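Presented below is the structure to which this report refers.
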Number of protein chains: 2
Amino acid sequence: MATVETRAVVDLLGALAYAELTAFDRLAEDARMAPTLTGHAALARMAAAELGHHGRLTERLVELGADPVAAMGPFVAALDAFHTSTRPRTWLEGLVKAYVGDGLAADFYREVATFLPEPDRGLILEVMADTGHADFAVREVRAAIASNQKVAGRLALWGRRLVGEAITQSQAVIAERDDLAQLIMAGTGDLSGIGRLIERITSAHTDRMRALGLNP
Amino acid sequence: MATVETRAVVDLLGALAYAELTAFDRLAEDARMAPTLTGHAALARMAAAELGHHGRLTERLVELGADPVAAMGPFVAALDAFHTSTRPRTWLEGLVKAYVGDGLAADFYREVATFLPEPDRGLILEVMADTGHADFAVREVRAAIASNQKVAGRLALWGRRLVGEAITQSQAVIAERDDLAQLIMAGTGDLSGIGRLIERITSAHTDRMRALGLNP
């Protein structure tokens, strides 16, 4: 554990800090599509929680002697591209993205966090803990499907598209960040270790799609 | 004080709760116009603070036996109209709106709060306390004017437009809410009391415009 490069930790915290800032942006934007003030406020609260995480991560970056803006820099293009290519057109698409997309990202960051020493491992696990997206999104999406079964097909396609775009952008980022790639290689042990990591993330994704009442 | 109608208190808290929710929306939206990640995060933090206030106000509405969504309802049209007619086109317009517009609103709510019994008076004064808009906006706007004097003229016009739209929408709201109008009339005492209230609000607005380096 002591051999983990600070540069890799800074990379991971920087990626996550920018991910949380864009999660704030996106949830705040999607909140305005809510059909009710209650839904509006619920998504806005999730956005505010993500921004709180962003603050925790930038504080830790400063502690590590890194400039948060510089640490986030390398991940801006990929994360912005992800959000541009997966902009929800409806309230329900926004909820599926909040639940399925953030779930995928959280699983990935949690897996990598286990390769880090404390306090960074604990910090990442803590900020990735569910902020209430799950219950709210599942309830709303299931209710929408119950009242109109056609919704399920469209949202299932949308869920698959989110995964595809997430994989594309993650690969692009990891390919460019040597220290981060090194950290993942060293942590998983070998290619079959990476295979198992991907399998765990995929399986959790399948569970989330089913929880929403969607075919994975 | 004991004679203040609960309906008037619910009106005021409802108006304020919806104002804070829209302040969240708008600051979150304007944050994305920031030229730097630091500015982006700064405005996002202000947005999250407004949402915290929204939560405090809806909790108090529930305590009073009111349904927060119903309490906010009468103010949705006017506040949405205000924001639609004053949508910032630039980062600097957004900052002026955050500082000057929210300052005006805060002064108005604070004046009316003094007519209320506790704990509502204290709650309103607390959520209206500056959430850091002031320093950040003043610094950014002054720096922009320093590097390009032409900016000042356009932003001064923008500031005047904000006041005009705010007055239009406030009058529309008060004209329709009898209990709220009654509360303001009873609190100020008479027409000259209302005149002094408007004078205090106008004078504070003038001070804020000058602080930004703008002609009021």
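The values are calculated or read from the model by the stated rules, or taken from the named source; none is laboratory data. What you see is a predicted model, and the numbers here were worked out from it, not measured in a lab. Cβ sites come from the backbone with ideal geometry, for glycine too, and all protein chains shown count toward neighbours. Heavy atoms of the whole protein, side chains included, go into the accessibility calculation; ligands, DNA and RNA do not. Shrake-Rupley method; radii C 1.70, N 1.55, O 1.52, S 1.80 Å.
Okay, here's what the table says:
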{"quantity": "Inter-copy separations for B:ALA146, label at 7 Å along Cα-Cβ, nm, ascending", "calculated": "6.0"}
{"quantity": "Sum of -39500 (n - 2.57) over DSSP H runs of 4+, divided by residues of chain A (222 nm, nearest 500)", "calculated": "-27000 deg cm²/dmol"}
{"quantity": "Positive-pole candidate from A:LEU180, A:ALA146, A:LEU162, dipole of region A:134-215, charges at beta carbon", "calculated": "A:ALA146"}
{"quantity": "Accessible surface of chain A, 1.4 Å probe, proportion on carbon and sulfur as whole %", "calculated": "56 percent"}
{"quantity": "Gaussian network model of chain A, Cα within-10 Å springs - most flexible of A:ALA70, A:ALA17, A:ALA49", "calculated": "A:ALA70"}
{"quantity": "Cβ-vector label at 7 Å, B:GLN182, separations to other copies in nm", "calculated": "7.4"}
{"quantity": "Cα-based equivalent ellipsoid of chain A: semi-axis lengths in Å, sorted from largest, via gyration tensor", "calculated": "30, 20, 14"}
{"quantity": "Where labels lie 7 Å past Cα in the beta-carbon direction, separation of B:ASP135 and B:ARG196 in nm", "calculated": "3.4 nm"}
{"quantity": "Largest-first principal axis extents of the Cα set of the protein assembly as shown (Å)", "calculated": "81, 56, 34"}
{"quantity": "Phi to ³J(HN,Hα) by Karplus 6.51 cos²θ - 1.76 cosθ + 1.60 over region B:78-92, Hz, x for Gly, Pro", "calculated": "5, 5, 5, 4, 4, 6, 5, 7, 10, 7, x, 9, 9, 4, 5"}
{"quantity": "If the convex hull is drawn through the Cα atoms of region A:1-79, its volume per residue in Å³", "calculated": "90 Å³"}
{"quantity": "Exposure ranking of B:PHE75, B:PHE115, B:PHE108 by accessible area [1.4 Å probe, largest first]", "calculated": "B:PHE108, B:PHE115, B:PHE75"}
{"quantity": "Heavy atoms of B:ASP25: accessible area, 1.4 Å probe, square angstrom to 10", "calculated": "10 Å²"}
{"quantity": "1.4 Å probe accessible area per residue over chain A, in Å²", "calculated": "45 Å²"}
{"quantity": "Separation between Cα centres of region B:1-72 and region A:147-181, rounded to whole Å", "calculated": "34 Å"}
{"quantity": "Computed over region B:15-105: relative contact order in percent, which uses C-alpha pairs under 8 Å that are six or more apart", "calculated": "36 percent"}
{"quantity": "Whether region A:89-180 is rounded, prolate or oblate, judged on the alpha carbon gyration tensor where a/c under 1.5 counts as rounded", "calculated": "oblate"}
{"quantity": "A:LEU191 accessible area, 1.4 Å probe, all protein chains in place, Å² to nearest 10", "calculated": "130 Å²"}
{"quantity": "Residues A:THR84 and B:ALA175, FRET efficiency given R0 of 35 Å [Cβ-Cβ distance, rounded to 0.05]", "calculated": "0.20"}
{"quantity": "Stokes-Einstein D for region A:40-138, Kirkwood Rh over Cα pairs, 25 °C, 0.890 mPa s (µm²/s)", "calculated": "165 µm²/s"}
{"quantity": "Relative contact order of chain B, defined on C-alpha pairs under 8 angstrom at six or more residues apart (%)", "calculated": "26 percent"}
{"quantity": "Position B:THR84, label points 7 Å along Cα→Cβ, spacing to each other copy in nm (shortest first, one decimal)", "calculated": "3.0"}
{"quantity": "Principal axis dimensions, largest first and in whole angstrom, of region A:6-50 by Cα", "calculated": "45, 13, 8"}
